[in-house]
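Peer 1: Following this message is one structure expressed as structure tokens.
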Amino acid sequence: MTFPMRNRLLTPRQFQIVLAILLMALPIHAKEETFYLGTFTHAPGGSQGIYVGTLDDVTGRLGPLRLAAKARDPGFLALSPDHRFVFAALPNSVASFAVQPDGTLRPLSEQPAGGEDLCHVSVDHAGREVFVASYNSGIVAGFPVAADGTLRPRVAFQVLTGSGPNKLRQTAPHAHSIYADPADKFVYVCDLGTDKIWIFRRGPDGELAPADPPFAAAPPGSGPRHLFFDGRFVYLVSEMGVSTCVFERNASTGALRLVQQVSNIPAGVHPGSGSAEIALDRSGQRLYVSTRVQDVLTVFRVDRNSASKRLTFVQNIPSPAMFPRSFALDPSGRWMIVAGQNDNRLAVMKIDAPSGRLTPTDESASVGSPVCVLFVPPAAP
């Protein structure tokens, strides 16, 4: 039996339905994305060091967390550009580890930093030098990296000076983070104690010298904490000011010019301890920040068509993990892992692709005092 076909062409609506059915039938190949966790071992929660875990990039499910390496208070972590080594900021020293096939870390070396309470570590884009920042001592230092991942004695050392208007927290410099620019020409230091982003020019052997100008001023009392590069622009999250600033950067001199400052929390809300982490999504269209005490995650839209890349508020959403000192966006751009320092918990948030808005999921895991989330990007094809 045959049936007559009155219309051989599909209507636009019918075509959309058929296409959706075909796309749903296509196999989706999930990837297990690896990430590392820096923790505070001195805090309640029973942490023993650096942990490794996986995230399913399709479902957002977390795999079991495993101890990757024992270490004392490996608060912040950095990954070498070739993904072979992990560097950790310890209380008074910086350590390097070799990534093993099973994801665990083999200790390689440790170097004294010359300062106390290291709170940040980073590596340049060539993988040749590791930088650390000391909060209590107000110093920054740089260490060459050998081909085998071992750290050599420091070649760069700078002592910051000055103070800020807050008599409780800004009586001295407090270096909170340190970064090489995308061209590895300059190094930028966020100093909570002086409301400055210090700018250093790199020498041929990795040494640091003050640039001209030697710093960019952040709003008084704001307490610069972390930053993120985006082409010729830099986004700064300030802890005490609970705000985000946009700076335009001169690639030749390293100078920064303030373009915009926006609040991370609604007007009238007491800032408390303040904002902590900042990250830009891979499209460059959404900027995310976390704020502790209020346990809030904030989403901003980046105006890519603007000459100044100004920010527009999109969303404030309660953090599913308490005291979100850190978070990270997964390489697929679909998920965010939030580290709750005070409730010993990781929580997964779903990222809406069109808007960048965050939605809580039921996925979580327990780990003692997580303070840094570091994803391993996928290997190049």
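Peer 1: Where does region 238-360 land on the Kirkwood hydrodynamic radius, alpha-carbon pairs, in angstrom?
Peer 2: Roughly 14.9 Å, rounded to one decimal.
Peer 1: On to the next question. Among V246, V289, which comes first, then next, by fewest other beta-carbon atoms within 10 Å?
Peer 2: With the sparsest Cβ surroundings first, the list reads V246, V289.
Peer 1: Hey, what does the equivalent ellipsoid look like for region 83-142, semi-axes from the Cα gyration tensor as sqrt of 5 times each eigenvalue, largest first, whole Å?
Peer 2: 22, 12, 8
Peer 1: Among V373, V132, V299, rank each residue by its count of other Cβ atoms within 10 Å, from fewest to most, as a rough exposure measure.
Peer 2: V299, V373, V132
Peer 1: Follow-up. Which value in deg cm²/dmol, rounded to the nearest 500, describes the helix-derived mean residue ellipticity at 222 nm for the chain, given -39,500 (n - 2.57) per DSSP H run of n ≥ 4 and division by the residue count?
Peer 2: The helix-only estimate for the chain comes to -1000 deg cm²/dmol at 222 nm.
Peer 1: With N set to the number of residues, divide the alpha-carbon radius of gyration of region 103-236 by 2.2 N^0.38 Å and report two decimals.
Peer 2: After normalising by residue count via 2.2 N^0.38 Å, the value is 1.04.
Peer 1: Follow-up question, since we're still on this one. Set the Förster radius R0 to 51 Å, insert the Cβ-Cβ distance between S366 and A209 as r into 1/(1 + (r/R0)^6), and round the FRET efficiency to 0.05.
Peer 2: Computed FRET efficiency for S366 and A209 comes out at 0.65.
Peer 1: Same structure, new question: Starting from one equal scatterer on each C-alpha and no solvent at all, send me the Debye-based log10 I(q)/I(0) for region 167-307 at q = 0.09, 0.11, 0.17 Å⁻¹, two decimals.
Peer 2: Listed by q, the Debye log ratios stand at -0.26, -0.39, -0.91.
Peer 1: Classify region 289-381 as rounded, prolate or oblate, taking a ≥ b ≥ c as the square roots of the eigenvalues of its Cα gyration tensor: rounded when a/c is under 1.5, otherwise prolate if a/b is larger than b/c and oblate if not.
Peer 2: Oblate is the answer for region 289-381, as a/c is 1.5 or above yet b/c matches or exceeds a/b.
Peer 1: For helix 12-25, report the angle its Cα long axis makes with the longest principal axis of the Cα atoms of the chain; keep it between 0 and 90° and round to the nearest 10°.
Peer 2: 60
Peer 1: Around R128, what is the net charge, scoring Lys/Arg as +1 and Asp/Glu as -1 over all other residues with Cβ under 15 Å from its Cβ?
Peer 2: Net charge in that neighbourhood comes out at -3.
Peer 1: Which aspartates and glutamates have a Cα lying under 18 Å from the Cα of K167, excluding residues fewer than 8 positions away in the same chain?
Peer 2: Partners within reach: D191, D195, E239.
Peer 1: While we're looking at this one, here's another question. Please work out, to two decimal places, the log10 of the ratio I(q)/I(0) at q = 0.13, 0.16, 0.21 Å⁻¹ from a Debye calculation in which every Cα of region 36-141 carries one identical scatterer.
Peer 2: The computed values of log10 I(q)/I(0) come out as -0.47, -0.70, -1.10.
Peer 1: For the chain, with a Gaussian network of springs between Cα atoms less than 10 Å apart, report the residue from G241, G231, G38 with the top mean-square fluctuation.
Peer 2: Comparing G241, G231, G38 in a Gaussian network model of the chain, the most mobile one is G231.
Peer 1: Using only Cα atoms, locate the centre of region 41-105 and the centre of region 176-199, then give the distance between them in Å, rounded to an integer.
Peer 2: 24
Peer 1: Could you state, as a whole-number percent, how many of the C-alpha pairs of region 164-241 are farther apart than 19 Å?
Peer 2: Cα-Cα pairs of region 164-241 separated by over 19 Å account for 34 percent.
Peer 1: By count of other Cβ within 10 Å, fewest leading, how are D205, D230, D330, D195 ordered?
Peer 2: Ranking D205, D230, D330, D195 by Cβ neighbours within 10 Å, fewest first, gives D205, D230, D330, D195.
Peer 1: Which of these values of Rg/Rh (Cα atoms, Kirkwood Rh) was calculated from the structure shown: (1) 1.18; (2) 1.03; (3) 0.99?
Peer 2: (2)
Readers should treat all values here as calculations from the given coordinates under stated rules, not as data from a laboratory. What you see is a predicted model, and the numbers here were worked out from it, not measured in a lab. Cβ coordinates were reconstructed from backbone atoms using ideal geometry, including for glycine residues, and neighbour counts include every protein chain displayed.
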